[in-house]
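Trainee: So that we are looking at the same thing, I have put the structure below in structure tokens.
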Amino acid sequence: MATTTLEPETAAADMGISEDQIKDITVIGAGPAGLFTVFSAGIQEASCRIIDSMPQVGGQLTALYPEKNIFDVPGFPKVSAKGLVDRLEEQAMQFKPDVHLNETVVDVQRLKHRVLEVTTNKGNVFYSRAVVIAAGIGAFTPRLPDDDLFAPFGEAQGVYTCVTDKSRFAGRDVVILGGGDSAVDWVLGLADIAKSMTVVHRRNEFRAQGHSITKMRELAQEGKVKVITPYNFKAIHADASGHVTGVAAEDKNGQVLEIKCDRLLVLLGFKNDLGPIVEWDLRFEESAIKVDPDMQTNIPGVFAVGDIAAYPQKIKLILTGFADASIAVQNCIPYIRPGKKASHVFTSVRGLPAGGK
Ligand SMILES: Cc1cc2nc3c(=O)[nH]c(=O)nc-3n(C[C@H](O)[C@H](O)[C@H](O)COP(=O)(O)OP(=O)(O)OC[C@H]3O[C@@H](n4cnc5c(N)ncnc54)[C@H](O)[C@@H]3O)c2cc1C
């Protein structure tokens, strides 16, 4: 392990990269612990990037229970999971980190001059002085009806797994696959602007908020939405350029229904997988990474926080993830500024550094 004292620019040049390419901290995972790590990095004036396999930030709160209320986050007697994510995002993003969504970290390697190399499934290679793993219960990826059938399809082909820009659905024939909260919410959210709206679900019952289901049924009665149940997805069709043109759905008697569309929105939830992380030579305890009291793993400069961090008496809760994040960032400082010790910061006394509001 190199313990060089080269100046940062000299060290970077020695590695054939520019100093600008090296962030102080790279955060893997944008759940609550990852988002609070970004904020904690900001108050320590450390540059930061955050990477998540999901198309949206929020981790389990966004993927598994966005509409549920949480009652045990200090200072919030009651807050919806989505509401908490919005506040965490606002707090973290004021420091303008580099954000990479829809991207999974597949490898972390320690190079010379205390630089870490982070590689993603998109082939991007990022450099960092410290890495904080906030990967929770693993990388979330959208659940598809059939991974092989959907492999050639992405947003360029008209197939979406989330809505980040409603205008892409305006004036389009939209089919939504799914029967949970997000499927019903987007039926309601896009019905006004879509040319046509069809929702296909394998059960007659939808698992969503009652008032949203009622509203969707009303729109169906008004002829503004088609509700196709109980039908299973069977096939996806495309034109010669590979763009989606429709889907086939099948009922339990084998009756097949062809539905035309030029926008297919698949909202079947997410699957999670620790995947590549277990191959990074980290010490694991069951399915979590063992950390020391400073939140450092067995790899120098690599820290772990939140649900993925294991230590005695650990409780897997949002609030413990926040504390983990704060401790980890303080202990990243010697990696970011060699020779410097972590300094404790009271934001009420010092305010926020430039970059923060
Ligand atoms: C139904 C339910 C209800 C809950 N209710 C409460 C509650 O009321 N109160 C409470 O305190 N806690 C609650 N929890 C637990 C809480 O959600 C977790 O403790 C919290 O989400 C952990 O946050 P995290 O940031 O550590 O991980 P996560 O929220 O799991 O986020 C991890 C993120 O890392 C990403 N990721 C993982 N691996 C990679 C990779 N290789 N590359 C890129 N990205 C990656 C994932 O996509 C994910 O977005 C609940 C959990 C569930 C399932």
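The values are calculated or read from the model by the stated rules, or taken from the named source; none is laboratory data. None of these values were measured; they are calculated from a predicted model. Virtual Cβ from ideal backbone geometry, glycine too; neighbours counted across all protein chains shown. What goes into the accessible areas is simple: the full protein's heavy atoms, side chains included, and nothing from ligands, DNA or RNA. Shrake-Rupley method; radii C 1.70, N 1.55, O 1.52, S 1.80 Å.
Trainee: Looking only at residues in the range 104-121 that are open to solvent by 20 Å² or more (accessible area, probe 1.4 Å) and within 11 Å of the ligand (Cβ to nearest atom), which one is nearest to Ala11 (Cα to Cα)?
Mentor: The residue in question is Thr119.
Trainee: Any idea how many residues of the range 65-98 are open to solvent by 60 Å² or more (accessible area, probe 1.4 Å) and more than 12 Å from the ligand (Cβ to nearest atom)?
Mentor: Within the range 65-98, residues that are open to solvent by 60 Å² or more (accessible area, probe 1.4 Å) and more than 12 Å from the ligand (Cβ to nearest atom) number 10.
Trainee: So, one more: Collect the residues in the range 93-120 that are in a loop (DSSP other than H, G, I, E, B), in contact (Cβ under 8 Å) with a residue 60 or more places away in the chain and over 21 Å from Ala46 (Cα atoms), keeping them in residue-number order.
Mentor: Correct list: Thr104 only.
Trainee: Also, quick follow-up: Could you list all residues from the range 152-194 that are on the phi > 0 side of the Ramachandran plot and either assigned to a helix (DSSP H, G or I) or surrounded by 18 or more Cβ atoms within 10 Å (Cβ to Cβ) (or both)?
Mentor: Gly158, Gly178, listed by residue number.
Trainee: Hey, can you tell me all the residues within the range 135-146 that are within 11 Å of the ligand (Cβ to nearest atom), in a loop (DSSP other than H, G, I, E, B) and either open to solvent by 10 Å² or more (accessible area, probe 1.4 Å) or over 14 Å from Leu61 (Cα atoms) (or both)?
Mentor: Ala135, Gly136, Ile137
Trainee: A follow-up question, please. Would you mind stating whether Ala12 is within 15 Å of the chain's Cα centre (by Cα) and either without any contact (Cβ under 8 Å) to a residue 12 or more places away in the chain or more than 9 Å from the ligand (Cβ to nearest atom) (or both)?
Mentor: no
Trainee: Taking Phe303, is it modelled with pLDDT of 95 or more, surrounded by 14 or more Cβ atoms within 10 Å (Cβ to Cβ) and within 28 Å of Pro152 (Cα to Cα)?
Mentor: Judged against the criteria, Phe303 is not a match.
Trainee: Are there any pairs, at least 6 apart or on different chains, whose C-beta atoms fall under 6 Å, with the first in the range 263-283 and over 30 Å from Trp186 (Cα atoms) and the second more than 12 Å from the ligand (Cβ to nearest atom) and among the charged types (D, E, K, R), and if so, which?
Mentor: Arg283/Lys290
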